[in-house]
Amino acid sequence: MSDSEPQAGDAPARARPIVAYGDPVLEIECAPVDSFGEELRALVEEMFLAMWAVRGVGLAANQIGVDARVFVLDCPGADGRRVVGHVVNPVLEPPVVRELEVDVEGCLSLPGAHAEVPRLSRIAVTGSDWRGEPVRIEATGLAARCLQHEVDHLNGRLYIDRLPHRIRRELLRSSTQGSP
Ligand code: NI
């Protein structure tokens, strides 16, 4: 979405592995970022690379083991257009229209599992980029779902935490990572 996004060619040769469900780093409320600049840019690059390496559409920093409120996404909106970006210290705006959409959702930290989750069909998130400049991303469809999913991650919450207990248990059993 902006020229500040890293290009695939800039990426280091090896992508960092994605942290799997069960690791406590996925259950922490990630720390706000207060230092901007090159180090943060490098983290954002690493996150894009790790996400693209496994064909993901979104990734939160704690999914590569980093305790920082940052996420990246590369995900189609309801109109099919790609929403590509990163947000540091993201805050979801209260929805103008509270319309929920139920759709299938999965997570890179829980490979093999999917479940239907209700999410707001349109949402905007504000925060900053790696330089500390303000950013705002408004999205619909899968990209809106992704924004909510990634902010959940940064609050130590997985999509399975939004499921009824029984469905959650069955899902964890079916996941390749599954351990309830
Ligand atoms: Ni996830």
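The values are calculated or read from the model by the stated rules, or taken from the named source; none is laboratory data. Every value quoted in this text rests on a predicted model; they were computed, and no experiment measured them. Ideal geometry is used to build each Cβ from the backbone, glycine not excepted, and the neighbour counts take in all protein chains shown. Keep in mind that these areas ignore ligands, DNA and RNA; they rest on the heavy atoms of the full protein, side chains included. Shrake-Rupley method; radii C 1.70, N 1.55, O 1.52, S 1.80 Å.
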(request) Could you work out how far the C-alpha centroid of segment 40-58 sits from that of segment 61-138, in angstrom? (result) 14 Å
(request) Would you work out what percent of the accessible area of segment 2-152, with all protein chains in place, is carbon or sulfur (probe 1.4 Å)? (result) 51 percent
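Mind putting a number on the dipole of the chain about its Cα centre? Charges go on the C-beta only, +1 for Lys and Arg and -1 for Asp and Glu, and I need it in Debye to the nearest 20.
Roughly 620 debye, rounded to the nearest 20.
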(request) As a check on your grasp of the helix formula, calculate [θ] at 222 nm for the chain: sum -39500 (n - 2.57) over DSSP H runs of n ≥ 4, divide by the residue count, round to the nearest 500. (result) -7000 deg cm²/dmol
(message) Explain nothing, just the number: relative contact order of the chain, from Cα pairs under 8 Å at least 6 residues apart, as a whole percent.
(response) 24 percent
(message) Modelling each spin label as a point 7 Å along the Cα-to-Cβ direction, I'd like the D161/L100 distance in nm, to one decimal.
(response) 1.8 nm
(message) Students often get this wrong: which residues of segment 40-78 have the backbone nitrogen under 12 Å from the point 7 angstrom along Cα-to-C-beta of V25?
(response) 47, 60-68
(message) Starting from the 7 Å offset along Cα-to-Cβ, what nm value, one decimal, do you get for the label separation of S174 and E39?
(response) 4.3 nm
(request) Using per-residue counts of other Cβ atoms within 10 Å, averaged over each peptide, order 49-61, 131-143, 28-40 from highest down. (result) 49-61, 131-143, 28-40
(request) Rank S109, N62, A50 by how far each Cα sits towards the positive end of the charge dipole of the chain (+1 on Lys, Arg Cβ; -1 on Asp, Glu Cβ) and give me just the farthest. (result) S109
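Can you give the accessible area per residue of the chain, in Å², using a 1.4 Å probe? Please list the in-between numbers first.
Details: 9220 Å² over 180 residues.
Per residue, the chain has an accessible area of 51 Å².
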(request) Using a Förster distance of 25 angstrom, determine the FRET efficiency expected from the C-beta separation of E133 and R16, and round it to 0.05. (result) 0.50
(message) At 1.002 mPa s and 20 °C, plugging the Kirkwood radius over alpha-carbon pairs of the chain into Stokes-Einstein gives what diffusion coefficient in µm²/s?
(response) 131 µm²/s
